[in-house]
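Notes to accompany the following structure.
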Amino acid sequence: MQVILIGPPGAGKGTQAGALQERLRVPHISSGDLLRNAVKRKTETGLQAKQYMDRGELVPDDIVVRVIEERVRQDDCRDGFIVDGFPRNVSQAEVLTPMLASLGKMVDHVVSFAVPREEIIKRLSGRRTCRNCGAMYHIIFDPPVNSGLCNKCNGELYQRDDDQEDTIAARLDVYQRETAPLLEYYRARGLLREVNGIGSREQIFERILGALALTP
Ligand code: AMP
């Protein structure tokens with residue numbers, strides 16, 4: 001099964017993708033993680049992507065499409081995958097369909113998370129990410145046991161450059177302008193499953209399972 005998660009930054013896509021990955025036993029592919037990894041390793045893709053990411057802008061389509069295509073062609077994706085962060089605009093969606101068709105696959109469900117803007121700003125400005133394993137925390141809603149350290153791997157927690165307040169506003173504007181039109185695009189194709197993104201992790205996960213017609 002191929003599932004796409006769409007929602008503004010901080011809507012909980014990454015958290016829910018992790019839970020869904022365990023339930024469906026297919027990999028979670030995050031375009032943001034793939035790009036951050038490339039930046040960290042200073043690959044050519046990383047060097048090209050970094051300037052856009054630091055400003056909260058979208059990385060050009062050809063770069064992201066290349067990274068995603070390489071990933072979905074890997075062996076562990078043969079039974080499906082969950083993608084979070086891609087597509088981010090209608091032209092990426094239009095590339096995705098033939099890319100999947102060439103692998104004998106299609107998009108089965110597009111889950112969209114509805115979360116109001118003020119809530120997003122609260123969530124993102126308090127978000128801390130583990131430098132080592134990528135796990136996420138929130139300084140108020142979900143603090144680590146030891147301040148500044150990851151519960152899972154003891155890695156250092158840091159605030160992503162693009163989680164600083166002025167970049168958050170830019171990312172939300174980009175979401176409204178570029179990504180929100182995708183909801184209409186997938187609704188028209190009968191693939192959109194809209195989920196209320198306010199609530200506990202468990203509540204939201206149950207809503208997603210319901211939207212995908214899976215039993216809890
Ligand atoms: P994320 O972790 O999904 O919030 O992504 C972090 C940043 O990576 C975004 O602000 C963009 O600069 C870049 N990015 C991630 N996915 C895409 C995409 N599908 N298209 C363009 N840029 C992307």
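The values are calculated or read from the model by the stated rules, or taken from the named source; none is laboratory data. As the structure is a computational prediction, the values presented were derived from the model and not from experiment. Virtual Cβ from ideal backbone geometry, glycine too; neighbours counted across all protein chains shown. Accessible surface areas use protein heavy atoms only, side chains included; no ligands, DNA or RNA. Shrake-Rupley method; radii C 1.70, N 1.55, O 1.52, S 1.80 Å.
Observations
- Most mobile of Lys105, Lys42, Lys13 in a GNM of the chain (Cα contacts under 10 Å): Lys42
- For the stretch 107-149, chymotrypsin sites (Phe, Trp or Tyr not before Pro) meeting the loop criterion (DSSP other than H, G, I, E, B) and having at most 11 other Cβ atoms within 10 Å: Phe141.
- Probing with 1.4 Å while keeping every protein chain in the model, the per residue accessible area of the chain equals 51 Å².
- Label-point separation in nm, Asp108 to Val90, each point 7 Å along Cα→Cβ: 2.8 nm
- The chain, helix-only ellipticity at 222 nm - DSSP H runs n ≥ 4, -39,500 (n - 2.57), divided by all residues, nearest 500: -13500 deg cm²/dmol
- The stretch 1-88 - charge dipole about Cα centre, Lys and Arg +1 at Cβ, Asp and Glu -1, debye rounded to 20: 220 debye
- The spacing between the stretch 1-33 and the stretch 94-163, judged by their C-alpha centroids, is 9 Å.
- Accessible area (Å², 1.4 Å probe, nearest 10) - Ile140: 120 Å²
- Lysine-lysine proximity count for the chain, Cα under 21 Å, sequence distance 8 or more or distinct chains: 5
- Cα centre as origin, Lys/Arg/Asp/Glu Cβ charges: the chain dipole, Debye: 340 debye
- Alpha carbon Rg of the stretch 27-109, scaled by the compact-globule rule 2.2 N^0.38 Å: 1.07
- Kirkwood analysis of the Cα pair distances in the chain returns a hydrodynamic radius of 17.7 Å.
- Calculated Rg and Dmax of the stretch 157-216 using C-alpha coordinates, Å: 15.3, 41
- Carbon and sulfur %, accessible surface of the stretch 51-122 computed with the full protein complex present, 1.4 Å: 51 percent
- In the chain, taking the dipole from charged Cβ atoms about the Cα centre, the farthest positive-side position among Val195, Asn132, Cys153 is held by Cys153.
- Projected over all directions and averaged, the alpha-carbon convex hull of the stretch 85-151 occupies 6.9 nm².
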